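Undergrad: Here it is: the structure, laid out below.
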Amino acid sequence: MSTAKTTSKPKVALYWCASCGGCEETIVDLNEGILKVVEAVDIVLWPVALDFKYHHVEAMKDGEIAVSFVNGAIRTDEQAHVAKLLRRKSGLIVAFGSCAHTGGIPGLANLTSRSEIFRTSYFESPTVTNPDRTEPRPSSKSSGKEAHLPRFWEQVHTLDQLIPVDYYLPGCPPSSDLALKAVQAILSGQLPAKGTVLAPEKAQCDTCPLAKTRVPNAKIAHVYRPSEIRIDPEKCILEQGVLCCGPATRSGCGELCIRGGMPCTGCFGPVPGVADQGANMLSAVAALCDADTREKAEAMAKQILDPAGTFYRYAVPASTLGRKKG
């Protein structure tokens, strides 16, 4: 009779808050690599793929889950409840993707208000017919029964604005190879100090395949949207007048957008030591503008049709701005 001892695999949870679902695709895109992950861990929560319930997690001991990968920003009280639950039940929490890391695309909602969002979505959109002006309510009764919906918060929060986060895996979505390396590092225990972003520390411009084409002291006289110009794939995109966020964005994605002929939009978050990614990018653009008078500077500024959405596309909640004031 064998006396070999069986050892339980570390428990892993994956959860999806306010996001598009692309971070879930990163896991799927591991392809055969996901089989190695499944062999090494016991997935105890993954609502998009497996039929586990919240009460299964609630029944676990505190700290029983080795690591939880939480993607998405926090927008509702349900998301906040599950994030806090996973923090209590997990040894490690990884903010997985731009939305959990810096607020992501959902964080742009902080530039407006809850009431404005509801008015547009339920009353004013051209495809909406709502003569009774009905909008979602946290609770309502019908035929003597009460139904509940998550409460929609006034603003979007990053994950670490709600719970302590141990590690960050940036990107919209994170690349599959970075995700796999992060899992392997966690399982091996070979992790850097808590609070580390699990991605290279260089800026996109340092690893960009077009870096060698940059012209010293180059200036731009006009700002273009990508649809307004034929981008030369052999020249620095920013020096062509298209706003590429490479100077202010951490590397690690493999420069996929740039290699595809499009500008970096900033999804990997700020480079180390930078508190406000948008302000950093704004400074980089200002230094390149060929504007030696106030009038020229104002004219170039008007060419940037959506400054907040350009410089802070993924980072409004994490920025010093945080949200629209007033």
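Undergrad: If we keep just the residues of the range 288-326 that are modelled with pLDDT under 90 and among the basic types (K, R), which is farthest from the chain's Cα centre (by Cα)?
TA: Within the range 288-326, the match that is farthest from the chain's Cα centre (by Cα) is K325.
Undergrad: Right, here's the next one. Out of everything in the range 94-133 that is touching a helix residue (DSSP H, G or I) at 6+ places or on another chain (Cβ under 8 Å) and surrounded by fewer than 19 Cβ atoms within 10 Å (Cβ to Cβ), what residue ends up being farthest from T320 (Cα to Cα)?
TA: Residue satisfying both the conditions and the ranking: N130.
Undergrad: Identify, by number, the condition in (1) part of a helix (DSSP H, G or I); (2) under 30 Å from D42 (Cα atoms); (3) not aliphatic (A, V, I, L, M) that K194 doesn't meet.
TA: (1)
Undergrad: Which of the residues spanning the range 217-250 are among the polar types (S, T, N, Q), at pLDDT 95 or above and either under 26 Å from the mean Cα position of the chain (by Cα) or in a loop (DSSP other than H, G, I, E, B) (or both)?
TA: Answer for the range 217-250, where residues must be among the polar types (S, T, N, Q), at pLDDT 95 or above and either under 26 Å from the mean Cα position of the chain (by Cα) or in a loop (DSSP other than H, G, I, E, B) (or both): just T249.
Undergrad: I need the full set of residues from the range 203-216 which are modelled with pLDDT under 95, surrounded by 13 or more Cβ atoms within 10 Å (Cβ to Cβ) and part of a loop (DSSP other than H, G, I, E, B), in order please.
TA: Across the range 203-216, the qualifying residue is only R214.
Undergrad: Additional query: Six or more apart or on different chains, Cβ under 7 Å: which pairs go from a residue in the range 37-56 that's within 15 Å of E24 (Cα to Cα) to one that's in a helix (DSSP H, G or I)? Could you list them?
TA: Correct list of pairs: V37/V183; L45/V57; V48/E24.
Undergrad: Given the conditions (1) within 23 Å of I105 (Cβ to Cβ); (2) at pLDDT below 95, and given that K181 satisfies all but one, which numbered condition is not satisfied?
TA: Unmet for K181, out of (1) within 23 Å of I105 (Cβ to Cβ); (2) at pLDDT below 95: (1).
Undergrad: May I pose another question? Just checking, does the range 133-141 include any residue being of a type in the set (K, R), in contact with a Phe, Trp or Tyr (Cβ under 9 Å, 6 or more places away or on another chain) and in contact (Cβ under 8 Å) with a residue 40 or more places away in the chain?
TA: No.
The values are calculated or read from the model by the stated rules, or taken from the named source; none is laboratory data. Everything numeric in this text was worked out from a predicted model, so none of it was measured. No Cβ is skipped: glycine too gets one built from the backbone with ideal geometry, and neighbour counts run over all protein chains shown.
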